[in-house]
Amino acid sequence: LPTTYQVIEEEGANQDGVPTLSSNLTLTQTQTSDTGDFTCVVTNDVDTKTKSAQLTVLEVPFMPTDVAITSRTKDSVSLSWKEPFDGNDHISGYFIQYSGGIPKVVGWSSPPIDTRGSGLSYTVGGLHPYANYTFRVSARNAIGTGGYSDSSPLVETEEDVPGPPPDISTVTESSRSIRVQWSEVPFEQQNGIITRYEVEIRERIGPSNLGLPVYKTATESGTYLATVLKPFTYYQFQVRAYTSIGPGMFSSAQST
């Protein structure tokens with residue numbers, strides 16, 4: 001709605017009985033475009049006098065623009081944006097929200113991240129590896145918080161090593177072969193694309209002694225048949241998964 005102006009004039013007299021005229025200007029539904037100098041001009045037959053006053057209309061900042069991704073790691077994304085109109089008051093900080101991730105944030109993250117400064121860039125940490133995110137930014141001043149920006153481009157964090165495979169078990173198939181089985185690394189712990197599984201085989205020499213490890217790549221998902229083993233010998237097995245970054249943690253040990 002447009003700004004409305006109302007001038008109220010009141011006639012009176014001072015203590016000496018001299019007639020006076022006072023005027024009041026009231027603005028309602030003000031906008032930032034109303035900021036400026038207002039001048040009152042008084043004229044009579046003798047002289048003309050003027051008096052000026054400056055009006056500054058304060059409001060919350062506009063929304064930031066051009067939110068961009070500047071860099072990423074396995075658990076962080078760096079953002080930048082352009083400073084918006086400050087609402088005629090100093091911008092004291094920004095709020096950042098994100099959507100996506102693992103587990104997926106439905107809507108936007110809450111509470112928002114407080115940048116605690118007026119800088120035009122920020123690195124959001126604590127994110128999940130190999131997950132998609134979008135971000136948005138709002139500015140604040142002493143009046144309040146403005147609206148959020150448009151969403152940033154979609155960004156995917158980098159891969160990391162995976163978590164350990166669960167549910168490892170063994171089945172003796174003959175005196176010289178044992179089948180090792182396990183479940184897929186849970187989705188939340190994959191941290192990338194699982195490229196292969198590796199089985200570690202150790203001969204148990206005594207109650208607490210193990211032989212040197214032998215590593216075998218599993219050609220099937222979730223199972224590996226260890227062959228050419230020594231009859232009447234105890235073995236220990238562990239399994240780990242790989243992403244493009246490298247191997248993850250070994251599973252818990254399973255002994256025969």
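Conditions (1) at pLDDT 95 or above; (2) open to solvent by less than 60 Å² (accessible area, probe 1.4 Å), marked per residue:
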site	(1), (2)
PRO186	yes, yes
TYR197	yes, yes
PRO207	no, no
GLY211	no, yes
ALA218	no, yes
TYR234	no, no
GLN238	yes, yes
THR243	yes, yes
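Quick grid of which residues meet (1) touching a His at 6+ places or on another chain (Cβ under 6 Å); (2) surrounded by 11 or more Cβ atoms within 10 Å (Cβ to Cβ); (3) of a type outside the set (D, E, K, R):
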| residue | (1), (2), (3) |
| --- | --- |
| ASN44 | no, no, yes |
| ASP47 | no, no, no |
| LYS51 | no, no, no |
| TRP81 | no, yes, yes |
| ASP89 | no, yes, no |
| PRO112 | no, yes, yes |
| GLY126 | no, no, yes |
| ILE143 | no, yes, yes |
| SER151 | no, yes, yes |
Test of understanding: among ILE193, ILE201, ILE205, which residue is closer than 30 Å to SER78 by Cβ and of a type outside the set (S, T, N, Q)? ILE193
Take segment 220-234 and flag every residue that is in contact with an Asp or Glu (Cβ under 8 Å, 6 or more places away or on another chain) and assigned to a strand (DSSP E or B). LEU225
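Considering each residue of segment 176-219, count those that are part of a strand (DSSP E or B) and either of a type in the set (Ser, Thr, Tyr) or within 29 Å of GLU156 (Cβ to Cβ) (or both), and give that number.
Residues of segment 176-219 that are part of a strand (DSSP E or B), as a first pass: 177-181, 196-204, 210, 214-218.
Now drop any that are not either of a type in the set (Ser, Thr, Tyr) or within 29 Å of GLU156 (Cβ to Cβ) (or both), which leaves 177, 196-198, 215, 217-218.
The number of residues fulfilling the criteria is 7.
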Among all residue pairs at least 6 apart or on different chains, which show Cβ distances below 6 Å where the first residue, located in segment 241-255, is over 16 Å from TYR224 (Cα atoms) and the second is part of a strand (DSSP E or B) and of a type outside the set (Phe, Trp, Tyr)? PRO247/ARG240; GLY248/ARG240; GLY248/ALA241
With the condition kept exactly as written, say whether any residue in segment 65-83 is among the β-branched types (Val, Ile, Thr), part of a strand (DSSP E or B) and at pLDDT below 95. no
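The values are calculated or read from the model by the stated rules, or taken from the named source; none is laboratory data. This structure is a prediction, so every number in the text was calculated from the model and none was measured. Here the Cβ is made from the backbone with ideal geometry for all residues, glycine too, and neighbour counts use every protein chain on show. What goes into the accessible areas is simple: the full protein's heavy atoms, side chains included, and nothing from ligands, DNA or RNA. Shrake-Rupley method; radii C 1.70, N 1.55, O 1.52, S 1.80 Å.
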